[in-house]
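Since the structure comes first, as structure tokens, the remarks are kept for the end.
The values are calculated or read from the model by the stated rules, or taken from the named source; none is laboratory data. Keep in mind that this is a model prediction, so the values were computed, not measured. Cβ placement follows ideal geometry from the backbone for every residue including glycine, while neighbour counts extend to all protein chains displayed.
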Amino acid sequence: MLHKNSQKRIIAFFLIFTLGTMALQLTHFMGTANAQNDNTWYVGKGVKANTYYTYTIKNEDVNEGQPFTITLYFKDYNATGQYWNVPTIVVDQGQVFQGTLHLSDLDMTALGSSPIPPAMSKYRGGYATSLDWLSAYVPKPGQSLSSLYWGKIGSIGGSQIAPVGSAKVTTPAGTFDTTIIQYHKGVDNNIYIAKDMPFPVKALTYAESSAGTPPIQYSVDLQAIGTGQPPIPKSHIEASKPPITLTTPRGTYHVQLLWTPTLLKSGQPTHFGVIITDVNNNLVPNTSYEFKVMDKDNKVLSDMNNQHAPDGTGKTDFKFPSPGQYHIYISVLTSTSSYETDLFVEFVTFDLNVA
């Protein structure tokens, strides 16, 4: 009887051992499968301490779409406040701005506690409406990159935003296998997501326009990824180079600014050329414009009204008093509109650096 009980205990032991081993193998297999099939993404996914990302951004709300670079250094994580401590460097036409963004762990939103100087406020806004734009649709825990639907653009007639396919994308930072996130409003707007990267590696979206080619809403392009604190470039005045073309806020006109000599220098006359075209890139005849020059603090140095552009082109001269940054404000007035009757003034502002 004792012998039979011993046999039963041995058999039970081997059964338990075998079932336990199978359970461990199954758990390991399922864990591996889940890791391999992790196809979700959210803004901030894959971010690690002591890493940085550098992007070139064009955003119509910052310098009227002229490009700037931003480097986000994820120094460390604040577990109490649940945010990332992110020293940030912005380079805009040779000028360097520094501050620190506190980025929410939930969706990478820049928190109000972020210690940044006033000069960086517009770049913080540019970050929010470009790199962080998708946070409205994919905060933690994210959505599947295979999903049929992520949401709908929050405007009248807003279109669906969703993954639509894959693409291999090359940027200065390397080549990435990406999922295309797309929505359509007049034209296709494409955002390219690499599943283990915290922000899009590339994007090109457009503002709404009633006709013609719509202006760019924002574009982003990943320039570099690295570990450790990134180097801080020295600020310098980078003389602007012609031509520069900007689009009025409603997308009605494109205004191109040219000048000679091509190197802007203080104390010498600069001869400006202005070319005004419509949404189809045709010259706009019977046009006049206001040409206003302001210093970096927006103090008006010269205000030249009623500059004529009978064939859509005009010429204006100005002598910059000293080196530095200046703003050239140009408002467009056609023969079919007036400042008194038109409720919306079509204008652009060029930011120029003078050596």
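Some points to look at:
- The set of residues in the range 176-219 being basic (Lys, Arg), at pLDDT below 95 and touching a strand residue (DSSP E or B) at 6+ places or on another chain (Cβ under 6 Å) consists of Lys195 alone.
- Subset of the range 276-301 that is touching a residue at least 12 places away in the same chain (Cβ under 8 Å) and either in contact with a Lys or Arg (Cβ under 7 Å, 6 or more places away or on another chain) or β-branched (Val, Ile, Thr) (or both) - its residue that is surrounded by the most Cβ atoms within 10 Å (Cβ to Cβ): Ile276
- Considering residues of the range 120-134 that are surrounded by fewer than 19 Cβ atoms within 10 Å (Cβ to Cβ) and among the small types (Gly, Ala, Ser) only, the residue farthest from the chain's Cα centre (by Cα): Ser121
- Strands (runs of 3 or more DSSP E) wholly inside the range 205-276 containing at least 3 residues that are under 30 Å from His308 (Cβ atoms): 244-247, 254-260
- Hey, Pro198 crowded, with 18+ Cβ neighbours inside 10 Å, out of contact with any Leu (no Cβ under 6 Å at 6 or more places or on another chain) and more than 17 Å from Ser144 (Cβ to Cβ) or not: yes
- Residue within the range 321-340 that is within 22 Å of Ala207 (Cα to Cα), touching a residue at least 40 places away in the same chain (Cβ under 8 Å), in contact with a Leu (Cβ under 8 Å, 6 or more places away or on another chain) and not hydroxyl-bearing (Ser, Thr, Tyr) present: yes
- Gly81 meets the stated requirement of being at pLDDT 50 or above and in the same structural domain as Leu145 (by TED's automatic domain parsing).
- Given (1) crowded, with 16+ Cβ neighbours inside 10 Å; (2) without any contact (Cβ under 8 Å) to a residue 60 or more places away in the chain; (3) farther than 30 Å from Leu106 by Cβ, index of the condition Thr247 fails: (2)
- Candidate set: the range 135-147, residues that are in contact (Cβ under 8 Å) with a residue 24 or more places away in the chain and touching a Pro at 6+ places or on another chain (Cβ under 7 Å); chosen: the one surrounded by the fewest Cβ atoms within 10 Å (Cβ to Cβ): Ser146
- Odd one out for Tyr127, checked against (1) at pLDDT 95 or above; (2) in a loop (DSSP other than H, G, I, E, B): (2)
- Whichever residue in the range 61-103 is free of Cβ contacts under 8 Å to residues at least 24 places away in the same chain and assigned to a loop (DSSP other than H, G, I, E, B) and, among such residues, is farthest from the chain's Cα centre (by Cα): Thr80
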